[in-house]
Amino acid sequence: MIAVHSFSQGEVDLVSAAEEQQSGVFVVDSGRGEILDRDGTSLTGAKDWRLIVFPLSDKQWVAHRKKLEQVARLVGYEFEAFRDQVQAMTRPQTLSDRKGKEKTLTEEQARSIQRLAIPGIYALESDDRHNEGRPARQLLGRVEHQPFLARSRYPEEGAGEPSGAPLRIGVTGLEAAFDPLLRGGEHNLLTYATDGRGRPLNGLHMKAEAGVDRIPYRIQTTLDRKLQQQVEKVLDEAGVVEGAVVVQEITTGDILAMASRPRPGEAGKKENPWDNRALLEMTPGSIFKTVTALAALDTGKVKPGETFHCNGHLGRYGMKDAKPGGHGKQTLAEAYANSCNVVFAQVAERVGGENLQGYARRLGLGQRILWSGKVFKEEQFRQLPGEQTGVIFSAATAKNDRGAVAQTGIGQRDVKMTPLQAANMVTTLFQEGKTLNPRVVREIRRPDGEPYFRFPPHALKTEEKIGDAALQTVRQMMRQAVTQGTAQSLKGASVRLGAKTGTAQRGPDQDTYNKWMIGYGSYEQPRYSVAIVIRSVRKADDMRAHQVFRQVMEGLVKKPNS
């Protein structure tokens, strides 16, 4: 295995970038190894006959009308529907079916289309790896023409020389982490000129770029392709512009789905759509009360039946509760269900900063948790680049500052958490005190499909485990949040759930929110942990995180063997 290094944007080959702005490239066949889901279904596209279509001018539609009508019939389209789909294109892409799903051709259909010889319409064998409709795009990552990176990463192969390694390499996600294994032989490209606005012009040709002299390996992930597609559909139907969903299998800790928004091509100027939001740290708000509750119960600082009083504010810190007038007399479980800031600030004071940080780390917070370890010659291989650590207390914050501790206990101040960490924190409630290192890749396969390297399950090394009694109590508290607390919107779900809500103010004016929902299902037979975050929400009472969580959980229960 060859280590994946990071390079600044300024180190990108500027000459190459300028050239590609004046010409376009459509990758017909990437020549790379497949990335598979847990059942062996391709996530990156298997090589097959596909129809590659370029945007056509009005003159072309008139000049080739009869031939284009034949193409429409061959691919099973009414001509008007075929024309509408092609006219909506702004760049070359493969034709999908009428439901937006992948469409492949028989060889006979492909040969018939080839004989028509229509400029801009090409029936070719393609893996269509870069199809924008593929699921889990940020997790899979992207492949780019990056001569500087290729030469830096593979100097021994003479990257970019006529006989050297290809200049297209994985730069994010699994494509980057496993690039040395996924790279393979020759890849085929359609190249074409573009105008000043980047629109494709006539005048294109097929060319092949040399690859390394070997057949690429395959990567089998832990993802469930159908579930991943379902989760992304739920996010899109809810109108989520920026956010993430993580679905984790409780027994193994494996990631079944990891969705991130915005999609590539939909982000604003200041956003990087290839950043996997599931791996980015952000303020968690009240879901961090799960840590505070566990620390309080496991250290004995709070007894399960002990009561507290909330009058709506904690004057010494200027802290207010979301409920005007307060929640009154409550147990810890009731305060958790009600997401009471005043009670949990008091509990955090009792627990103390050192204990809060210690328990947070036992739950996998404040550190990278994705699977890492020795793979071949690489001592600390990481399955995914870009995972952030999160923060409990910043270096500038004293853990004996009672005000800072109170704010930390409710998930504000310095606290940052990733959606992956949030889902894994829930999974840890069922692991008898162990905190698993989630896997997104199960194994590397040889070109013939035989296993080459399996990633064994890992758990974080912790000096002390969290006691079973505290873990069980918090699991029950999450159920109470659904039956009597802030997650009551889930009471009508088709499956009984345990959950915790979170709302975190963000931005310089504290006028937008991160809306969280974490939890597990079913309550009787817990199989899945789920974390949802919707970022930069304008309204504090936005309920879409509840909606997405419920739909994802109900979809999981409908899965075969569930």
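Quick look at the numbers
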{"item": "Unique match (being in a helix (DSSP H, G or I) and among the aliphatic types (A, V, I, L, M)) among 110, 123", "result": "110"}
{"item": "Tally of residues being assigned to a helix (DSSP H, G or I), surrounded by 15 or more Cβ atoms within 10 Å (Cβ to Cβ) and of a type outside the set (A, V, I, L, M) across region 315-332", "result": "1"}
{"item": "Check on residue 399, assigned by TED's automatic domain parsing to the domain that holds residue 301, touching a strand residue (DSSP E or B) at 6+ places or on another chain (Cβ under 6 Å), of a type in the set (Lys, Arg) and touching a residue at least 12 places away in the same chain (Cβ under 8 Å)", "result": "no"}
{"item": "Pick from region 103-148, criterion under 25 Å from the mean Cα position of the chain (by Cα) and over 30 Å from residue 38 (Cβ atoms), ranking: surrounded by the fewest Cβ atoms within 10 Å (Cβ to Cβ)", "result": "145"}
{"item": "Residue check for residue 187: buried (at least 21 other Cβ atoms within 10 Å of the Cβ) and at pLDDT below 90", "result": "yes"}
{"item": "All positions within region 37-73 that are in contact (Cβ under 8 Å) with a residue 12 or more places away in the chain, part of a helix (DSSP H, G or I) and surrounded by fewer than 19 Cβ atoms within 10 Å (Cβ to Cβ)", "result": "60, 61, 67, 70"}
{"item": "Single residue of region 414-436 satisfying the filter (surrounded by fewer than 20 Cβ atoms within 10 Å (Cβ to Cβ) and not hydrophobic (A, V, I, L, M, F, W, C)) that is nearest to residue 531 (Cα to Cα)", "result": "431"}
{"item": "Qualifying residue in region 333-341 (condition: outside any helix (DSSP H, G or I) and out of contact with any Cys (no Cβ under 9 Å at 6 or more places or on another chain))", "result": "yes"}
{"item": "Contacts under 9 angstrom Cβ, first residue in region 292-321 being assigned by TED's automatic domain parsing to the domain that holds residue 473, partner part of a strand (DSSP E or B) and among the aliphatic types (A, V, I, L, M), 6 or more apart", "result": "313/319; 320/314; 321/314"}
{"item": "When residues of region 484-533 are limited to those that are closer than 23 Å to residue 428 by Cα and among the β-branched types (Val, Ile, Thr), the one surrounded by the fewest Cβ atoms within 10 Å (Cβ to Cβ)", "result": "495"}
{"item": "Meets criteria (within 17 Å of residue 289 (Cβ to Cβ), in a loop (DSSP other than H, G, I, E, B), of a type in the set (S, T, N, Q) and in contact (Cβ under 8 Å) with a residue 40 or more places away in the chain) for residue 486", "result": "yes"}
{"item": "Answer residue from region 220-279, given it is part of a loop (DSSP other than H, G, I, E, B) and hydrophobic (A, V, I, L, M, F, W, C) and is nearest to residue 99 (Cα to Cα) among those", "result": "238"}
{"item": "Meets criteria (touching a strand residue (DSSP E or B) at 6+ places or on another chain (Cβ under 9 Å), within 30 Å of residue 180 (Cβ to Cβ) and modelled with pLDDT under 95) for residue 373", "result": "yes"}
{"item": "Test: residue in region 512-534 that is free of Cβ contacts under 8 Å to residues at least 12 places away in the same chain, in the same structural domain as residue 425 (by TED's automatic domain parsing) and under 20 Å from residue 288 (Cα atoms)", "result": "no"}
{"item": "Residues being modelled with pLDDT of 90 or more, part of a loop (DSSP other than H, G, I, E, B), among the small types (Gly, Ala, Ser) and in contact with a Lys or Arg (Cβ under 6 Å, 6 or more places away or on another chain) - total across region 126-163", "result": "0"}
{"item": "Filter result (among the aliphatic types (A, V, I, L, M) and under 20 Å from residue 261 (Cβ atoms)) within region 525-540", "result": "530, 531, 532, 533, 534, 537"}
{"item": "Single unsatisfied condition, residue 399 versus (1) in a loop (DSSP other than H, G, I, E, B); (2) closer than 18 Å to residue 251 by Cβ; (3) touching a helix residue (DSSP H, G or I) at 6+ places or on another chain (Cβ under 8 Å)", "result": "(2)"}
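Conditions tested, residue by residue: (1) modelled with pLDDT of 95 or more; (2) polar (S, T, N, Q); (3) in a helix (DSSP H, G or I); (4) more than 18 Å from residue 363 (Cα to Cα).
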residue	(1), (2), (3), (4)
461	no, no, no, no
475	yes, no, yes, no
500	yes, no, no, no
509	no, no, no, yes
520	yes, no, no, no
524	no, no, no, yes
530	yes, no, no, no
540	no, no, no, yes
562	no, yes, no, yes
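The values are calculated or read from the model by the stated rules, or taken from the named source; none is laboratory data. Please read these numbers as outputs of a predicted model, since none were measured by experiment. Reconstructed Cβ throughout: ideal geometry from the backbone, glycine too, with neighbour counts over all protein chains shown.
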